[in-house]
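Engineer: Structure below; questions to follow.
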Amino acid sequence: MERIGAVLIDIDGVLTVSWEPLPGAVEAMEALRAAEVPLALVTNTTSRTRAAIARRLADAGFSVGPDDILTAPAVTATHLREHHPGARCLLINTGDVRGDLSGVPLVEEEDTEGAVPDVVVLGGAGSAFTYAALNRAFHLVQRGAALVAMHRNLYWRTAGGLDLDTGAFLLGLERAARTEAVVTGKPSGAFFAAALAHLGADPARTLMVGDDIETDVLAAQRHGITGALVRTGKYRPETHAAADGTPDHVVDSFADVPALLERSGR
């Protein structure tokens, strides 16, 4: 492994599950801080703003602030401002992330008859993903609205087990509307490029740590980043075995990452 100079870290399933820290994660983060390793937390979490995530992680013992965190909603806002400037956007998302969508005109669902959205934006699945909301999105896309998704994760790990996520609904919407969404969060190249730019990091000397072999690890590797898969969170042996590629590294948990970096000559 080439000497690692920066680390990208997924949050859910790597550092925490249902926002509770995983064993050894806080201590591993402290070890990276002590070694002065540049790091960024990169997440498809769509239920909280960057500031809210930072507060929750700080309460759990992690030494992070909002500037350490890059979220799918924040990257989505950049995409919408650049590619759909001034467009009216219908957001379907469980959780309040408006604080990370500055400069994006949001149209309330109940007002859509008077102000027809130009873009349908899918965030994270949950109670907001009702039949009525998804059917409304289907109608709008059929009429020409652009379709943007913050991610296409199929499921995520909670304290109660695996729960369905946006990708399970997005696949049906895309097929029904005969279109393909622009995905702004992981595994998109734009997301990883934004993370590298945030740290000023060289992909060849950056490590991505994640629990999703496709979205986190193999996607990072396709963009020249070293990938490390952890056996926590949504990790499943059968998914690992059936993956389209092989992770550069597989470790039991984030607690093993400092030792992995030591082996790189960090």
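Engineer: Scanning for something basic (Lys, Arg), modelled with pLDDT under 95 and surrounded by fewer than 17 Cβ atoms within 10 Å (Cβ to Cβ), does region 222-231 turn up at least one residue?
Structural biologist: From region 222-231, those basic (Lys, Arg) are 222, 231; that's our starting set.
Pick out the ones that are also modelled with pLDDT under 95 and you get none.
Checked against the condition, which is being basic (Lys, Arg), modelled with pLDDT under 95 and surrounded by fewer than 17 Cβ atoms within 10 Å (Cβ to Cβ), region 222-231 yields no hits at all.
Engineer: Report whether or not Asp59 is out of contact with any Gly (no Cβ under 7 Å at 6 or more places or on another chain), under 28 Å from Arg205 (Cβ atoms) and exposed (fewer than 13 other Cβ atoms within 10 Å of the Cβ).
Structural biologist: Working: out of contact with any Gly (no Cβ under 7 Å at 6 or more places or on another chain): yes; under 28 Å from Arg205 (Cβ atoms): no; exposed (fewer than 13 other Cβ atoms within 10 Å of the Cβ): yes.
No: the conditions fail for Asp59.
One line per residue, one yes/no per condition, for (1) more than 14 Å from Arg88 (Cβ to Cβ); (2) within 18 Å of the chain's Cα centre (by Cα); (3) modelled with pLDDT of 95 or more:
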site: Gly126; (1), (2), (3): yes, yes, no
site: Thr130; (1), (2), (3): yes, no, yes
site: Leu140; (1), (2), (3): no, no, yes
site: Ala181; (1), (2), (3): yes, yes, yes
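Engineer: Quick one: Asp211 ticks every box in (1) surrounded by fewer than 17 Cβ atoms within 10 Å (Cβ to Cβ); (2) out of contact with any Asp or Glu (no Cβ under 6 Å at 6 or more places or on another chain) except a single one, so which number is it?
Structural biologist: Every condition holds for Asp211 apart from (1).
Engineer: Also, I was wondering about something else. Within region 230-244, which residues are in a helix (DSSP H, G or I) and either among the aliphatic types (A, V, I, L, M) or within 20 Å of Leu32 (Cα to Cα) (or both)? Give the derivation first.
Structural biologist: Applying the first criterion (in a helix (DSSP H, G or I)) to region 230-244 yields 237-242.
The answer is Ala241, Ala242.
Engineer: Return only the number of the condition from (1) under 26 Å from Leu171 (Cα atoms); (2) crowded, with 23+ Cβ neighbours inside 10 Å; (3) in contact with an Asp or Glu (Cβ under 6 Å, 6 or more places away or on another chain) that Leu41 does not satisfy.
Structural biologist: Among (1) under 26 Å from Leu171 (Cα atoms); (2) crowded, with 23+ Cβ neighbours inside 10 Å; (3) in contact with an Asp or Glu (Cβ under 6 Å, 6 or more places away or on another chain), the lone unmet condition for Leu41 is (1).
Engineer: Considering only region 100-124, how many residues are modelled with pLDDT of 95 or more and hydroxyl-bearing (Ser, Thr, Tyr)?
Structural biologist: Selection size over region 100-124: 0.
Engineer: Next question. Name the one entry in Ala195, Ala201, Ala190 that is crowded, with 18+ Cβ neighbours inside 10 Å and in a helix (DSSP H, G or I). Step through it out loud before you land on a result.
Structural biologist: On the way: Ala201 fails: in a helix (DSSP H, G or I); Ala190 fails: crowded, with 18+ Cβ neighbours inside 10 Å.
After ruling out the rest, the residue left standing is Ala195.
Engineer: Somewhere in region 118-134, is a residue under 29 Å from Pro21 (Cβ atoms) and surrounded by fewer than 15 Cβ atoms within 10 Å (Cβ to Cβ)?
Structural biologist: Scanning region 118-134, I find at least one residue that is under 29 Å from Pro21 (Cβ atoms) and surrounded by fewer than 15 Cβ atoms within 10 Å (Cβ to Cβ), so the answer is yes.
Engineer: Looking at region 210-229 only, could you name the residues that are in contact with a helix residue (DSSP H, G or I) (Cβ under 6 Å, 6 or more places away or on another chain) and either part of a loop (DSSP other than H, G, I, E, B) or of a type outside the set (Gly, Ala, Ser) (or both)?
Structural biologist: Within region 210-229, Ile213, His223, Gly224, Ile225, Leu229 meet the criteria.
Engineer: Same structure again: I'm checking my understanding of the structure. Among residues of region 67-111 that are within 16 Å of Gly123 (Cβ to Cβ) and among the charged types (D, E, K, R), which one is surrounded by the most Cβ atoms within 10 Å (Cβ to Cβ)?
Structural biologist: Among them, the one singled out is Asp100.
Engineer: Right, something else. Filter region 245-266 down to the residues that are surrounded by 13 or more Cβ atoms within 10 Å (Cβ to Cβ) and assigned to a loop (DSSP other than H, G, I, E, B) and list them by number.
Structural biologist: Gly245, Thr246, Pro247, Asp248, Ser253, Ser264, Arg266
Engineer: Can you work out which of the residues in region 1-16 that are outside any strand (DSSP E or B) and among the charged types (D, E, K, R) is surrounded by the fewest Cβ atoms within 10 Å (Cβ to Cβ)?
Structural biologist: At the first step, the residues of region 1-16 found to be outside any strand (DSSP E or B) are 1-5, 10-11, 13-15.
Narrowing further to those that are among the charged types (D, E, K, R): 2-3, 10.
Values: Glu2: 12, Arg3: 10, Asp10: 26.
Filtering region 1-16 for residues that are outside any strand (DSSP E or B) and among the charged types (D, E, K, R), the one surrounded by the fewest Cβ atoms within 10 Å (Cβ to Cβ) comes out as Arg3.
Engineer: Give the residues of region 17-38 that are closer than 21 Å to Ala220 by Cα and crowded, with 22+ Cβ neighbours inside 10 Å, sorted by residue number.
Structural biologist: Step one: list which residues in region 17-38 are closer than 21 Å to Ala220 by Cα, which gives 29, 32, 37-38.
Of everything in region 17-38, just one residue is closer than 21 Å to Ala220 by Cα and crowded, with 22+ Cβ neighbours inside 10 Å, namely Met29.
Engineer: Would you confirm whether any residue within region 93-108 is under 28 Å from Asp248 (Cα atoms) and either among the β-branched types (Val, Ile, Thr) or in contact with a strand residue (DSSP E or B) (Cβ under 9 Å, 6 or more places away or on another chain) (or both)? Explain how you work it out, then say what you get.
Structural biologist: Residues of region 93-108 that are under 28 Å from Asp248 (Cα atoms), as a first pass: none.
Among the residues of region 93-108, not one is under 28 Å from Asp248 (Cα atoms) and either among the β-branched types (Val, Ile, Thr) or in contact with a strand residue (DSSP E or B) (Cβ under 9 Å, 6 or more places away or on another chain) (or both), which makes the answer no.
The values are calculated or read from the model by the stated rules, or taken from the named source; none is laboratory data. All figures in this text were calculated on a predicted structure; none of them were measured in a lab. So basically every Cβ, Gly included, is an ideal-geometry build from the backbone, and we count neighbours across all protein chains shown.
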